[in-house]
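Here is the structure we will look at, set down as structure tokens.
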Amino acid sequence: MVDINFYGEEINNLFFMGTGKFRDYNIMKKAIEESNIEVVTVAMRRASYSNMNESILDYINVKKIMVNTSGARNAHEALLIAKAGKELMNTDWVKIEIINDSKYLMPDNQETIKACKLLTENGFKVFPYMYPDLYDARKMIENGAEILMPLGSPIGTNKGFRTKEFVKILLNEFDVKIIIDAGIGKTSHVAEAMETGCHAVLANTAVSIADDPVKMVKAFSLAAEAGRLAYLSGMPEEKEVAEASSPLFDYIGRD
């Protein structure tokens, strides 16, 4: 696979893995190792040593950990979580996740814009989880984001890349990396996002609750690779009429 640079880090596996729903840390560890996962997100509440002196961090060995500000309701809370995460996980990568909607878990774009500015000013590399709105995306970029993480569909729904047409606008308008995050439930969803030109896909629910998470993580990783290679190969456009792939006539000497 062709490496992609995210904030100065060359990343080869373009499937980024969330860790929040893994029931067994040993299975998670095996999935990371067998698929060569390089980027994972970790929420602060999962990273503490509150459970029998054991932390999820003991099972993670990757190139980059991204602190997830899950639980933050505003930019100030996101900064507090980011600072605590940096101290605990030794990382300046932060997924800004600010949600004030308990039913649909939609990201609060306005608070996320504020958080981009606040966290960037404090030295963090921000990955804002956002709804793919053109105007809000522009403001996030103006406030320090070099990467955007639009949702594919609502968190945990497994409905796939439903925001495709809006994400294509962001790809067309901005020279930033786009990572699809949330709602991705199948390998076909991963491939679709990558074929569209996105630079990575982040998922958690679909892989962590699968009957065989290790195999599913591998499948998602391969789908990301296949989709990226397909995009780089220059896929043909769809057509409304048929076009023969070989000559229909003259193969039996007709005049």
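The values are calculated or read from the model by the stated rules, or taken from the named source; none is laboratory data. A quick note: this is a predicted structure, and the numbers were derived from the prediction, not measured. Note that we place each Cβ from the backbone using ideal geometry, even for glycine, and neighbour counts take in every protein chain shown.
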Worksheet entry | Output for region 222-246, where each listed residue is in contact with a helix residue (DSSP H, G or I) (Cβ under 7 Å, 6 or more places away or on another chain) and among the acidic types (Asp, Glu) | none
Practice prompt. Please work out which residue is modelled with the lowest pLDDT, limiting yourself to region 1-32 and to residues that are of a type in the set (D, E, K, R) and surrounded by fewer than 13 Cβ atoms within 10 Å (Cβ to Cβ).
Written response: 3
Worksheet item: If a residue has to be closer than 17 Å to residue 81 by Cβ and either modelled with pLDDT under 95 or surrounded by fewer than 17 Cβ atoms within 10 Å (Cβ to Cβ) (or both) to count, how many in region 121-162 make the cut?
Response: 3
Practice prompt. Evaluate the following for residue 111: is it part of a helix (DSSP H, G or I) and more than 20 Å from residue 20 (Cβ to Cβ)?
Written response: yes
Worksheet item: Name the residues in region 12-43 that are part of a strand (DSSP E or B) and under 22 Å from residue 88 (Cβ atoms), would you?
Response: 16, 17, 18, 39, 40, 41, 42, 43
Item to complete: Output the strands (runs of 3 or more DSSP E) that fall wholly within region 143-255 and possess 2 or more residues being free of Cβ contacts under 8 Å to residues at least 24 places away in the same chain, in contact with a Lys or Arg (Cβ under 9 Å, 6 or more places away or on another chain) and β-branched (Val, Ile, Thr), or say none.
Response: none
Response to the item:
When region 152-167 is checked residue by residue, the ones that are closer than 20 Å to residue 135 by Cβ and of a type in the set (Phe, Trp, Tyr) are 166
Worksheet item: If we scan region 115-138, do we find a residue that is touching a His at 6+ places or on another chain (Cβ under 8 Å) and not in a strand (DSSP E or B)?
Response: yes
Practice prompt. Filter region 64-88 down to the residues that are at pLDDT 95 or above, surrounded by 15 or more Cβ atoms within 10 Å (Cβ to Cβ) and part of a loop (DSSP other than H, G, I, E, B), then identify the one that is farthest from the chain's Cα centre (by Cα).
Written response: 74
